[in-house]
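Where a number appears in this text, it was derived from the coordinates with a stated rule and is not lab data. In this text, all values refer to a predicted model and were calculated from it rather than measured experimentally. Here the Cβ positions follow ideal geometry from the backbone for every residue, glycine too, while neighbour counts run over all protein chains shown.
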Amino acid sequence: MAQSGVSRSLTIALLVLAFGAIGAVASAQRVAGANTCLTCHAAQTDARLSAPSALFTQPDIHRESGFACIDCHGGDAAAADKARAHDTAHGFKGKPIGQVQIATCARCHGDAELMRRFAPRQRIDQATEYATSVHGKLLATGDLNVAMCSSCHGAHGIRRVTDAKSPVFPTNVHGTCGHCHANPQHMSGYKLPDGSPLPTGQLADYQKSVHYRALTKGNDLSAPTCNDCHGNHGAAPPGVGTVANVCGTCHAVFAQKFETSVHKQIFEKGCVECHSNHAIAQPSDDMLSTTAPGICAPCHTAGDKSDKGSVAADEMRQDIERLKADIEQSSALIGRVKNAGIEVSDQELALRDARTKLTLARTEMHAFEPRQVAAVIAEGSSIVEAADRAGQNGIAELRYRRRGLAASLAAILLVVVALALKVRQIDRRQSRESSGAIRHE
């Protein structure tokens, strides 16, 4: 196995050197003026021959960097005659496929000095990594049906990885991989390690997942897609023993808790046992149950007090539900007090801390130790209790204010009534005095 790996790497290295020499000849023969490769191919009626010319004139990282057709295909770009343009003496190699294509791309992308001129931050070990991938290993056996450089990046009109229209931009990767892996005809004949046919429903499953929604609906480019779990140039399916490590690259805390769990020694597929792999659903508290839609039922019996797993699941779920209900009740109370005009910003901040404890409890649950979950829930409950007391004090203050306001309004009303009576008394007296003066006259 080690010798075959060395052999593949040596083969690629020799091909890179060979095509490097051919490429040097081709580049030396490049002359200023029209590129007859483009002009000739653009005039072809066969779309198979004219399409590359049209694509190369669109946004293309190689053309924009000064590369031309002969840098990959060889030949004489200045020759108007097809035979001369395609003369192997001028390094013409036509359409590179198989190991020749890998070596053609690696001639530049494996050259550190050259890449420093164009993309100094780009890795130069893609070809070596590809040789270790499931694609590279199959290609080494002569299987030309597998993915090569152009399968994912394109051959002409190649865009930067950061270009949203690139087939390897995060939001496009699943479609690029699915072009082959969701095609039953293309994948026919490929087997899993156990000998069963390689499934082709991964893309459809992924499009149901929380990861897909985060990537495409939430515009979260950090959300995982195919290459985040399987790799890109070194693409390989994660083995049974490495699934938790793959998931743990993003969900580090969950992975740490799982490492201490009794499930670590029991679950053969790690995280996949509960969360699946491609069709990963949005996690919910409902999953922690031995009854539907809970996911504990396949291993644990609902209501069986002798089943420690069932009892533990019920305890953790009850603790989590209790804290959730307490937080909601306290939030409603604090909301009433806030709407009444009483300052409650400290209580709102405290409830955020309580919600954080709820999240920590859900994280702690992956260790499957009820006591650890209960400890976090207790911390959250004490925070909620303090917020409740403040809320009740706010309600009491609100009642006091209302009673004071009612008393004040009553006093004001009495004063207004007294003033009204006094005014009427004065009016009557003035009226009598006026009537007496008139009779006297």
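At a Förster distance of 60 Å, what's the computed FRET efficiency of A43 paired with R355, Cβ-Cβ distance as r, to 0.05?
Details: r = 67 Å, r/R0 = 1.12.
After rounding to 0.05, the efficiency reads 0.35.
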On the first, second and third principal axes, largest extent first, how far apart are the outermost C-alpha atoms of the chain in Å? 141, 83, 39
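Going by average Cβ neighbours within 10 Å, how do the peptides 41-51, 122-132, 100-110 rank, with the highest at the top? Present the calculation step by step, with values, prior to reporting the outcome.
Values: 41-51: 12.0, 122-132: 17.6, 100-110: 22.0.
Per-residue mean Cβ counts within 10 Å order the peptides as 100-110, 122-132, 41-51.
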May I ask you to work out the translational diffusion coefficient for the stretch 189-282 at 10 °C, viscosity 1.306 mPa s, via Stokes-Einstein with Rh from the Kirkwood sum over Cα pairs, reported in whole µm²/s? 110
Cut-off under 18 Å on the C-alpha distance; same-chain residues fewer than 8 positions from K217 excluded. Which lysines are left, in chain and number order? K165, K208
Mean residue ellipticity (222 nm) of the chain, computed from DSSP H runs ≥ 4 via -39,500 (n - 2.57), nearest 500: -19000 deg cm²/dmol
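When the convex hull of the Cα atoms of the stretch 64-142 is projected onto a plane and the area is averaged over all directions, what value comes out in nm²?
The orientation-averaged projected area of the Cα hull of the stretch 64-142 comes to 6.5 nm².
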Under the 0.36 nm per residue contour assumption, what length would be gained going from the current alpha-carbon distance of L192 and V415 to full extension? 71.0 nm
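Compute the relative contact order of the chain as a whole-number percentage, counting only Cα pairs closer than 8 Å that sit 6 or more residues apart in sequence.
Details: 477 pairs, mean separation 39.7, N = 441.
Normalised by residue count, the contact order of the chain is 9 percent.
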What's the percent breakdown of Cα-Cα distances in the stretch 308-408 across 10 Å bins, shortest bin first? 16, 38, 23, 14, 6, 2, 0
Take peptides 170-180, 325-335 and line them up by average Cβ neighbours within 10 Å, highest first, as a rough protection proxy. 170-180, 325-335
Roughly how many nanometres apart are two label points built 7 Å out from the Cα toward the Cβ at T216 and T363? 3.0
If each of R399 and K95 carries a label point 7 Å out from its Cα toward its Cβ, how far apart are those two points in nm? 8.5
Explain nothing, just the number: dipole magnitude of the chain about its Cα centre with +1 on each Lys and Arg Cβ and -1 on each Asp and Glu Cβ, in debye rounded to the nearest 20. 1480
Just report the Cα centroid separation between the stretch 128-163 and the stretch 260-290, whole Å. 33
Ranked highest first by average number of other Cβ atoms within 10 Å, how do 406-418, 383-395 line up? 383-395, 406-418
Please give the Cα centre distance for the stretch 55-92 versus the stretch 298-376, rounded to the nearest Å. 66
